[in-house]
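To start, the structure under review is shown below, and the notes come after it.
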Amino acid sequence: MQFPAGYGPTMSSHSSHHWLVLRSIALACAALLEAPARAQSAAPPSVVLTYPLDTGWVHNSGAHEAVLSSHTIHVSGSPWMRLRFEALLLAEGVRVRLTSFADGAVQELDADAAREWSASSAYFNGDRVQLELVALPGSERSRAVLRSVWVAPSVLPQFTVCGPTDDRTPSSDPRVARLLPVGCTGWLFDDPAHCLNTAGHCAASLLQVAQFNVPPSDASGAMQHPPPQDQYAVDPLSIQRQNGGLGADWAYFGCFPNPNTGLTPYQRQDAAFTLATSIPSVGTPLRVSGHGVDFDTPTSSYAQQTDVGALVSLSGSTLRHDADTTGGNSGSPIQWEGAGDLVVGVHTHGGCTSGVPSGGNYGTGANHSGWALARAQPQGVCAPVPSVTPYCTAKLNSQGCLPALGATGQPSASGGPGSFTLHASSLLNKRLGFFMYGSLPRAALFQGGVLCVSPPRRRTQQTSSGGSDLGIDCSGALSFDMGAQIALGLDPALAFGSIVYAQCWSRDPYDPQGASLSAGLRFTIGP
């Protein structure tokens with residue numbers, strides 16, 4: 001059995017206290033996710049559990065009414081359930097009979113009733129329903145194909161923890177984010193703009209915020225939030241996704257820079273995964289880290305946890321593993337343990353049971369062609385475009401001039417020499433100076449002004465500012481062919497998609513600190 005492992009808190013409990021606390025949270029989140037536009041009513045909190053079952057074609061050639069096919073649909077521990085069919089192909093005189101083990105309630109659906117119920121059943125109490133195809137004598141061929149069941153949120157963890165215990169431990173991978181209000185996990189990877197991946201079923205309209213450096217939940221299990229500088233708004237125009245079920249469930253998206261810091265998630269976290277170009281062999285250890293709920297330790301709910309399992313099977317792009325997960329883990333990276341930063345897929349569905357035989361949880365492999373195509377054709381903030389923006393503050397020099405920093409052309413990975421040039425003006429004449437640049441901004445007091453570039457910084461060669469040959473004035477200027485520097489391809493800080501921060505420093509012997517500083521210039525390197 002499998003089901004999406006994201007979409008917020010879904011729970012079962014090992015103690016009455018934890019169960020009541022976590023279930024109350026589940027009800028609140030489910031109401032948020034599923035409530036209609038009018039708040040007067042709300043759908044019951046539920047999750048969809050994939051439960052494939054096919055009766056095959058059957059018919060009754062006998063002289064009496066007969067049960068042609070009988071199957072028990074069992075979701076251990078669920079307070080209630082409802083069935084959803086992929087197809088109900090019922091001939092005249094054939095009906096589906098559904099019977100609850102809990103209270104004996106029965107529903108029968110013939111072809112007309114199946115259409116009226118949109119190929120779904122009524123709600124049944126308990127965790128077990130008998131599904132039968134019943135046919136009158138001489139009836140033609142019929143078939144029922146069950147796709148999934150709706151169940152109460154309390155059942156999810158039993159089917160996503162592989163084995164009798166939850167073996168996850170707290171973790172703090174800086175590349176892994178909590179996605180809200182959908183209740184999933186996302187992760188940074190090393191595409192040109194360092195955007196994020198998650199599960200496709202997590203990336204609908206409810207994908208709005210990515211949180212990094214998430215703190216533990218409180219003692220009751222209620223999630224706590226990181227400070228605003230670790231929260232990022234998702235760019236809806238960047239989202240590409242497919243919610244195609246097992247092996248075809250992925251999403252690729254980006255976030256806007258943080259309004260407090262001006263940094264992208266990658267710039268602040270300074271780490272990203274790399275997608276593997278091949279999938280390892282069965283039995284290879286795999287690590288799954290994400291923000292699932294926790295039913296034994298409330299403070300670990302929604303906080304990041306990790307577990308190592310193994311690759312159970314690979315069929316096409318459907319990857320199966322037995323690392324422990326719970327609701328909220330959808331979208332987690334499936335990391336190739338021991339292979340550095342390589343990720344082989346994205347976790348999407350649960351399928352383990354605590355009994356025997358144990359199955360595995362599911363993910364979409366990095367070899368999925370549609371996912372690869374999306375990554376090759378980024379959108380929104382994930383598609384780097386050339387841009388140049390001033391920032392930071394210049395220092396007034398000894399002659400009362402404010403050094404200026406600008407640029408001509410466009411920063412481009414393919415532009416070549418002369419395509420993008422930095423220019424500093426209003427400098428003291430006949431003085432040495434240079435440009436500095438790096439991958440992160442800064443605003444620190446330095447030599448009587450503001451240092452606008454964080455280390456590690458690169459420096460260009462010192463050159464003379466030129467200008468007037470007589471006296472002291474602000475006729476000096478410096479320039480640097482950044483297009484040629486980019487074209488060399490030797491500096492990873494100047495790769496396609498990089499955001500670069502630059503500033504000009506020059507000598508000012510009449511200043512108490514002996515230095516002149518321009519404002520900063522932020523530029524993004526486009527294609």
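The values are calculated or read from the model by the stated rules, or taken from the named source; none is laboratory data. Just so you know, these numbers come straight off a predicted model, no measurement behind them. Every residue, glycine as well, gets a Cβ built from its backbone with ideal geometry; the counts of neighbours run over all protein chains shown.
Worth a mention:
- Flag if Arg168 is over 18 Å from the mean Cα position of the chain (by Cα) and not assigned by TED's automatic domain parsing to the domain that holds Gly290: no
- Selection from region 434-489 of residues that are touching a strand residue (DSSP E or B) at 6+ places or on another chain (Cβ under 8 Å), in contact (Cβ under 8 Å) with a residue 60 or more places away in the chain and either assigned to a loop (DSSP other than H, G, I, E, B) or among the acidic types (Asp, Glu) (or both): Ser439, Leu440, Gln447, Gly448, Cys474, Asp481
- Checking each residue in region 482-517 for being crowded, with 20+ Cβ neighbours inside 10 Å and either among the hydroxyl-bearing types (Ser, Thr, Tyr) or not assigned by TED's automatic domain parsing to the domain that holds Gly406 (or both) picks out Ser498, Tyr501, Ser506, Ser516.
- Options Gly345, Gly328: the member that is more than 19 Å from Leu275 (Cα to Cα), within 22 Å of the chain's Cα centre (by Cα), buried (at least 23 other Cβ atoms within 10 Å of the Cβ) and outside the structural domain of Ser498 (by TED's automatic domain parsing): Gly328
- Which listed residue is more than 30 Å from Ala222 (Cβ to Cβ), surrounded by 21 or more Cβ atoms within 10 Å (Cβ to Cβ) and of a type in the set (D, E, K, R), from Arg320, Arg375: Arg320
- Hey, Phe496 outside any loop (DSSP other than H, G, I, E, B), in contact (Cβ under 8 Å) with a residue 12 or more places away in the chain and under 26 Å from Thr261 (Cα atoms) or not: no
- The residue that is modelled with the lowest pLDDT, counting only those in region 356-415 that are assigned to a loop (DSSP other than H, G, I, E, B), of a type in the set (Ser, Thr, Tyr) and within 33 Å of the chain's Cα centre (by Cα), is Ser358.
- Filter result (modelled with pLDDT under 95, among the hydrophobic types (A, V, I, L, M, F, W, C) and surrounded by fewer than 24 Cβ atoms within 10 Å (Cβ to Cβ)) within region 177-193: Leu180, Ala193
- Asp167 vs. criteria among the acidic types (Asp, Glu) and within 30 Å of Thr297 (Cα to Cα): yes
- Every residue from region 416-443 that is of a type in the set (A, V, I, L, M, F, W, C) and within 33 Å of the chain's Cα centre (by Cα): Leu440, Ala443
- Of all residues in region 209-243 being touching a strand residue (DSSP E or B) at 6+ places or on another chain (Cβ under 8 Å), closer than 24 Å to Ala376 by Cβ and aliphatic (A, V, I, L, M), the one that is modelled with the highest pLDDT: Ile239
- Listed by position, the strands (runs of 3 or more DSSP E) inside region 198-312 whose residues that are surrounded by fewer than 19 Cβ atoms within 10 Å (Cβ to Cβ) number at least 2 are 207-211.
- As for region 156-167, it holds no residue that is within 26 Å of Arg97 (Cα to Cα) and of a type outside the set (Phe, Trp, Tyr).
- Filtered residues of region 63-105 (kept if assigned to a strand (DSSP E or B) and exposed (fewer than 14 other Cβ atoms within 10 Å of the Cβ)): Val67, Ser70, Thr72, Glu86, Ala87
- Exclusive hit being more than 14 Å from Asp167 (Cα to Cα) and out of contact with any helix residue (DSSP H, G or I) (no Cβ under 9 Å at 6 or more places or on another chain), set Ser289, Ser278, Ser317: Ser278
- Residue in region 420-429 that is assigned by TED's automatic domain parsing to the domain that holds Cys401, at pLDDT below 95, in a strand (DSSP E or B) and not polar (S, T, N, Q) present: no
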